[in-house]
Amino acid sequence: MVAQAAREIRDGERVFVGMRLPLIAFVVAKRTHAPGAVGLFELGIVRDEPASELLYTMGDNPNVAGAVWCARTIDLMGMLQRGDVHAGFIGGAEIDVHGNLNTTAIGADRAHPAVQLPGSGGGGDIASLAQRLIVIMPHDRRRLREKVDFVTSPGYGTDGDWRRRMGLPRGGPSVLITTLGVFRFVDGSAVLVSRHPGVSVERIRDETGWPLAVAPELGETEPPSAAVLRIIREYDPEGFWTRRAE
Amino acid sequence: MREAVGRLVRDGASIALGCALEPAIPFAFAHEVIRQRRQDLHLIGPISDIAFDQLIGAGCVGRISAAWVGNVSAGLAHAYRRAMEEGMPRRVEVRDHSNFTIAQALLAGAVGAPYLPTRTLLGSDIPRANTTFREATDPFSGDRILLVPAIVPDVTVIAVQRADEDGNAHLWGPWGVSQEAALAAKSVIVIADELVDRATIASDPNRTVVPGTKVTAVVHEPGACHPSPLQGRYRRDHEFFHEYHRATRSVEGFETWIGEWVMGVADRSAYLAKLGPRWTELKDTGRPAAEARF
């Protein structure tokens with residue numbers, strides 16, 4: 001997942017880096033094909049070099065040391081709203097076939113949730129305003145649902161024209177990377193475009209809560225190179241973030 | 001700290017804290033609020049990283065306006081979950097925000113504007129759940145927009161590396177929503193890791209996050225942010241967050257944890273003494289900035 005997520009970052013782009021696995025995807029991209037990428041962190045940090053050691057949060061001291069700008073959340077979110085941010089990363093508890101994400105609560109009644117989740121953080125903003133959204137999720141039938149209980153971070157709503165009707169200025173999910181495969185969005189709906197090595201389409205279908213659409217030219221996800229694995233393992237030697245998903 | 005909380009934090013007050021997001025969270029303030037058993041507080045902030053969870057679990061909170069309540073490196077916040085899912089120890093009203101809208105609400109408060117218009121969250125369920133927002137039509141372009149009403153906290157608490165006795169406060173590292181929250185508030189408590197003379201502040205006024213003229217109280221409290229980090233002073237104590245996560249899965253576990261780390265210590269210096277060598281190992285001297293001549 002991390003290696004595939006890193007591939008989504010293009011050289012020279014401004015990237016809104018989220019919590020957890022995206023922190024590592026940014027490091028991998030910077031040290032491989034995208035040395036010119038710039039990382040924006042919503043608490044108010046801009047970096048053109050990855051932090052020197054593993055980050056548990058984006059506010060850890062090593063992420064501040066060597067930054068090129070320490071600023072305010074409103075400055076970074078303002079750049080995002082202006083359209084200055086090429087790509088943003090988020091994950092979520094639940095996603096639906098249109099790429100809408102729920103990180104707020106499971107259950108129909110917001111005031112009395114079955115499971116209270118942490119909330120939007122900056123996720124709703126990144127999903128609303130980045131030029132391209134990269135979504136990373138563990139693949140599980142309870143997470144990839146036909147309809148989510150609460151739309152925290154808007155994807156394509158109900159169809160490919162929905163964002164325009166809602167007034168969202170741009171963007172939408174460009175890719176959903178899971179522990180089993182990779183989806184792209186066609187007319188606002190997720191289509192499986194590659195399966196990870198050793199994973200069958202049948203297994204993905206079983207683990208997906210919506211009727212699975214499969215691209216005619218379904219591929220196999222390129223495994224991470226030895227160099228990329230080395231970068232990930234050097235950066236996260238104990239596998240704090242990556243032991244469940246590389 | 002005891003005096004500042006006693007004098008400035010009333011039951012029912014709205015309080016912004018954790019305004020720099022993951023770093024510089026004033027845990028020492030939150031713990032003193034719990035010791036003084038304040039009730040019905042309205043917590044305001046972007047993410048809080050377990051400070052809100054502790055206040056919620058201790059029964060101090062009636063309402064939350066926040067973008068995220070959890071444990072950043074460990075996962076969900078157990079006390080917040082119990083409050084929302086089971087009403088334990090009491091029900092809490094939530095006004096969902098994103099990090100952008102909480103920043104905009106505080107910026108509106110800081111500049112005396114009634115609201116700020118935005119394009120974020122359009123079409124999401126957040127404006128439906130948080131009925132303080134209004135959807136509107138931009139009178140200039142005709143576009144759909146969202147109006148985020150100003151938030152004016154009764155009290156904003158800002159933890160900083162250094163301040164003078166008037167409250168002129170230097171904060172370095174990311175500011176998050178610290179400045180907007182301080183400028184928006186009716187009163188501001190500055191918690192300084194180090195108390196310095198006015199000349200030190202005035203030697204580098206660009207580093208001032210809030211001027212003393214906006215500050216109501218200054219508390220000199222070294223180590224006030226542990227387990228969160230303070231740039232150039234001490235590092236984040238990751239394992240402390242993870243221990244809290246494991247320890248507070250049950251109500252009994254939460255009570256035991258609060259008993260040990262909050263009710264069982266008189267003040268911050270006793271808390272740091274209890275941490276012992278663990279605290280001294282977190283010390284981070286950072287690196288010096290290049291000189292800027294004024």
- request: Excluding residue A:218 itself, calculate the net charge of residues whose Cβ lies under 15 Å from the Cβ of residue A:218, where each Lys or Arg counts +1 and each Asp or Glu counts -1.
  value: 0
field: Within chain A: Cβ-based charge dipole about Cα centre, in debye rounded to nearest 20 (Lys, Arg +1; Asp, Glu -1)
entry: 180 debye
message: Please list, in order along region A:150-157, the HN-Hα scalar couplings obtained from phi with the Karplus expression 6.51 cos²θ - 1.76 cosθ + 1.60 (θ = phi - 60°), rounded to whole Hz, x for Gly and Pro.
response: 8, 8, 7, 10, x, x, 9, x
message: Let me check I've understood the local charge: for residue B:147, count other residues with C-beta under 9 angstrom from its C-beta, Lys and Arg +1, Asp and Glu -1. What total comes out?
response: 0
Among A:209, B:248, B:172 - extreme Cα towards positive end, dipole of the protein assembly as shown, charges at beta-carbon: A:209
query: Taking the Cα centre of region A:131-242 as the origin and placing charges on Cβ (Lys, Arg +1; Asp, Glu -1), which of A:189, A:224, A:152 is farthest toward the positive end of the dipole?
result: A:152
- prompt: Per residue of chain B, what 222 nm ellipticity follows from adding -39500 (n - 2.57) for every DSSP H run with n ≥ 4, rounded to the nearest 500?
  reply: -8000 deg cm²/dmol
field: Leading residue at positive end of dipole, the protein assembly as shown (Cβ point charges), from B:72, A:79, B:29
entry: A:79
field: Per-residue mean of C-beta atoms belonging to partner chains within 10 Å, peptide B:237-245
entry: 1
For residue B:93, net neighbour charge (Lys/Arg +1, Asp/Glu -1) across residues whose Cβ lies under 12 Å away: +3
- prompt: Taking the inverse of the average 1/r across all pairs of different Cα atoms in chain B, what Kirkwood radius in Å do you get?
  reply: 19.5 Å
message: Give the average, rounded to an integer, of partner chain Cβ atoms located within 10 angstrom of each Cβ in B:89-97.
response: 3
query: Top mean-square fluctuation among A:226, A:34, A:105, Gaussian network model of chain A, C-alpha springs under 10 Å?
result: A:226
- prompt: About its Cα centre, how strong a charge dipole does the protein assembly as shown have in debye, to the nearest 20, once Lys and Arg get +1 and Asp and Glu get -1 at the Cβ?
  reply: 360 debye
task: Just grab the label-to-label distance for residue A:112 and residue B:267, each label 7 Å out from Cα along the Cβ direction, in nm (one decimal).
output: 4.6 nm
query: Quick one: what does P(r) look like for region B:2-159 with 5 Å bins over all Cα pairs, in whole %?
result: 2, 9, 18, 21, 19, 15, 8, 4, 2, 1, 0
- request: Principal axes first, then extents: for the Cα atoms of chain A, list largest minus smallest coordinate on each axis, whole Å, largest first.
  value: 46, 40, 32
- request: Would you mind checking which residues have amide H under 5 Å from residue B:194's amide H? H placed 1.01 Å from N; only 5 or more apart, or other chain.
  value: B:162, B:163
statement: Under the helix-only model (-39500 (n - 2.57) for each DSSP H run of 4 or more, divided by the residues of chain A), the mean residue ellipticity at 222 nm, to 500 deg cm²/dmol, is -6000 deg cm²/dmol
- prompt: Taking the Cα centre of region B:1-128 as the origin, how large is its charge dipole in debye, to the nearest 20, when only Lys and Arg (+1) and Asp and Glu (-1) carry charge on their Cβ atoms?
  reply: 300 debye
- line: The ³J(HN,Hα) series, computed from each phi in region A:78-91 with the Karplus coefficients 6.51, -1.76 and 1.60 at θ = phi - 60°, rounded to the nearest Hz and given as x for glycine or proline, is x, 4, 4, 5, 5, x, 7, 9, 6, 9, x, 10, 8, x
query: Taking Rh as the Kirkwood radius computed over C-alpha pairs, what is the Stokes-Einstein D of region B:96-188 at 25 °C in a medium of viscosity 0.890 mPa s, expressed in µm² per second?
result: 170 µm²/s
- request: Just report the Cα centroid separation between region B:41-94 and region B:177-233, whole Å.
  value: 25 Å
query: Per the Kirkwood formula on distinct C-alpha pairs, the Rh of region B:1-46 is how many angstrom?
result: 10.9 Å
message: With bins 10 Å wide starting at 0, give me the P(r) of the protein assembly as shown over every alpha carbon pair, in whole percents.
response: 4, 19, 30, 27, 15, 4, 1, 0
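No value in this document is a laboratory result; all are computed from the given coordinates. Note that the coordinates shown come from a computational prediction; the quantities given were computed from them, not determined experimentally. Counting neighbours? That spans all protein chains shown, and the Cβs are built from the backbone with ideal geometry, glycine included.
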